[in-house]
Amino acid sequence: MRSFLLLALGLSALLLPSCHCGSVGPEDDLDSGLPPSCGCPDAQICGPAGTCVPALTEGMLCAVSPDGGAVVGACLRDLSCGYVGDGQERCSVDCTSVTEASLCGTGRTCFARPKSPSTEGYCGTSSGLGATCGAEALAFCSAKDEMLLCLSPSGESGGACYLECDPTSPDPNPTCAANASCSQLFADQTVGVCVVPVGHYPASCDYAKMGFCARGELCIRPDDTKTAGYCHLTCGKPQDCPAGQTCTSPSVGLSICAAPVARCDVDPSLAPDAGGCPRCSPDEDQYCGPEDVCVRMGDVPVCKQDCTGGGKTCASGTCQKLQGSDRSACL
């Protein structure tokens, strides 16, 4: 009788999923598709190492976190941790061309899994032009005869599919719609995207709202913490700019067309309020001309003659080094 009981217990153990974070209680539903809780708190499961870890759902990172560290957690049952379309390892459903319909469901596709030598892929959504996309939703831009890019608003994980274009082709770009422009939005200036621009200078742009500038223009923001700015043409010389604008450099390595703020030639000692001179302010898209620099006279920012590097004669005042800057101005 004792031998029979031992055999029966052994068979029962083999029928239960392996788990080491506690005994499986009668409340565990082994047919639910989820690993047994083993006494783990809500939103946690029994991990491979035998401890309770966060339960990772479909689309969540499962190997390397955004900060480069290791992800703590385990994919839910029926999900695998593998590479997907954004080059990251995420929890996803394994599939093949044969099981696509049954495992992926309506409206989803079995994508080939990157870096995998097998024929097994993962279930995701194939997003066309203008459709929503995002790695967390396993929705990737895909088109038979077109190159699509997923652009996301600043700080967001999801976005929409845009058509890639060749920025070396003049507008109207043959790839883009009649009302669109092949805009260069990336550091790699050889890649363009068809967008309907917000307008030309001084139109405002906002990457958080997907408001883009036209071809040859940059969205100049006051600083990197801001998502909104103004559209400016890039330039190399004054002749590159439209009438009423000049080519000026608000920062090193950046030259843009802008209507310059007039120079202030008032003596600061006689006019603590800058004598009514027009103000320069990147926040308000007001820039000095190419021969001037924006300095503060008291609390008022105004344009003064730039004498950086020496060898320049001041029209008024003397050349003085600006505190906290590598530039000098005639004050």
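Structural remarks
- Members of segment 27-42 found to be modelled with pLDDT of 75 or more and either surrounded by 14 or more Cβ atoms within 10 Å (Cβ to Cβ) or within 24 Å of Leu103 (Cα to Cα) (or both), listed by number: Cys40
- Selection within segment 283-317 - of a type in the set (S, T, N, Q) and either modelled with pLDDT of 90 or more or closer than 27 Å to Cys257 by Cβ (or both): Gln286, Gln305, Thr308
- Residue in segment 157-169 that is in contact with a strand residue (DSSP E or B) (Cβ under 8 Å, 6 or more places away or on another chain), modelled with pLDDT under 85 and under 20 Å from Tyr230 (Cβ atoms) present: no
- Some residue of segment 209-217 being loosely packed, with under 14 Cβ neighbours inside 10 Å and either at pLDDT below 85 or over 20 Å from Ser255 (Cβ atoms) (or both): yes
- Qualifying residue in segment 209-218 (condition: under 18 Å from the mean Cα position of the chain (by Cα), farther than 23 Å from Gly130 by Cβ, not polar (S, T, N, Q) and not in a helix (DSSP H, G or I)): yes
- Residues of segment 182-208 that turn out to be in contact (Cβ under 8 Å) with a residue 24 or more places away in the chain and either in a strand (DSSP E or B) or in contact with a Ser or Thr (Cβ under 6 Å, 6 or more places away or on another chain) (or both), as a count: 11
- Any hit, segment 198-216, residues being over 20 Å from Gly229 (Cα atoms) and basic (Lys, Arg): no
- Any hit, segment 143-150, residues being closer than 19 Å to Gly107 by Cα, in a loop (DSSP other than H, G, I, E, B) and at pLDDT 90 or above: no
- Condition broken by Gly68, with the remaining ones in (1) buried (at least 18 other Cβ atoms within 10 Å of the Cβ); (2) at pLDDT below 90 satisfied: (1)
- Subset tally (residues that are without any contact (Cβ under 8 Å) to a residue 60 or more places away in the chain and assigned to a loop (DSSP other than H, G, I, E, B)) for segment 51-60: 2
- So Tyr122, is it farther than 26 Å from Leu233 by Cα and in contact (Cβ under 8 Å) with a residue 12 or more places away in the chain: yes
- Flag for Ser255 being surrounded by fewer than 17 Cβ atoms within 10 Å (Cβ to Cβ) and either over 30 Å from Ala178 (Cβ atoms) or polar (S, T, N, Q) (or both): no
- In segment 301-331, the residues that are under 19 Å from Pro282 (Cα atoms) and among the charged types (D, E, K, R): Lys304, Asp306, Asp326, Arg327
- Of all the numbered requirements in (1) within 19 Å of Met210 (Cα to Cα); (2) in contact (Cβ under 8 Å) with a residue 40 or more places away in the chain; (3) of a type outside the set (Gly, Ala, Ser), Glu136 misses one, and that requirement is (1).
- On the stretch given as segment 61-92, residues that are assigned to a loop (DSSP other than H, G, I, E, B), over 26 Å from the mean Cα position of the chain (by Cα) and free of Cβ contacts under 8 Å to residues at least 40 places away in the same chain total 1.
- If you go through segment 219-233 and pick out every residue that is touching a strand residue (DSSP E or B) at 6+ places or on another chain (Cβ under 6 Å) and either of a type in the set (Lys, Arg) or part of a strand (DSSP E or B) (or both), you end up with 9.
The values are calculated or read from the model by the stated rules, or taken from the named source; none is laboratory data. Note that the structure is predicted; figures quoted are calculated from it, not measured. Backbone-built Cβ (ideal geometry, glycine too); neighbour counts: all protein chains shown.
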